[in-house]
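All remarks here apply to the structure that follows.
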Ligand SMILES: [Zn+2]
């Protein structure tokens, strides 16, 4: 995934999702919705800013709630 502002490859930081009730062996699991990335280009005005992919796979600014 590339930063929409500077075009640099974003660093994958984490993924996010909804907590779901599982079964006996895994009582709670995360149903993955998308990935969280961070821009590491110091020259980019979005340096250290977060981006995430929404459920449709589009890159959004900020942090998922
Ligand atoms: Zn950037």
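Throughout, read-outs are computed from the coordinates displayed, never taken from laboratory work. Just so it is clear, the model here is predicted, and its values are computed rather than measured. Every residue, glycine as well, gets a Cβ built from its backbone with ideal geometry; the counts of neighbours run over all protein chains shown.
Below, the figures for the structure above:
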item	result
Residue check, residue 52 part of a strand (DSSP E or B), out of contact with any helix residue (DSSP H, G or I) (no Cβ under 7 Å at 6 or more places or on another chain) and more than 16 Å from the ligand (Cβ to nearest atom)	no
Residue selected from segment 31-45 under the condition surrounded by fewer than 12 Cβ atoms within 10 Å (Cβ to Cβ) and assigned to a strand (DSSP E or B), by the criterion farthest from the ligand (Cβ to nearest atom)	31
Breaking point among (1) assigned to a strand (DSSP E or B); (2) within 16 Å of the ligand (Cβ to nearest atom); (3) surrounded by 13 or more Cβ atoms within 10 Å (Cβ to Cβ), for residue 4	(1)
Yes/no for residue 64 being surrounded by 10 or more Cβ atoms within 10 Å (Cβ to Cβ) and more than 16 Å from the ligand (Cβ to nearest atom)	yes
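Residue by residue, here is whether (1) closer than 19 Å to residue 64 by Cβ; (2) near the ligand (Cβ under 8 Å from one of its atoms); (3) assigned to a loop (DSSP other than H, G, I, E, B); (4) within 14 Å of the chain's Cα centre (by Cα) holds:
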| position | (1), (2), (3), (4) |
| --- | --- |
| 15 | yes, no, no, yes |
| 25 | no, no, yes, no |
| 29 | yes, no, no, no |
| 47 | no, yes, yes, no |
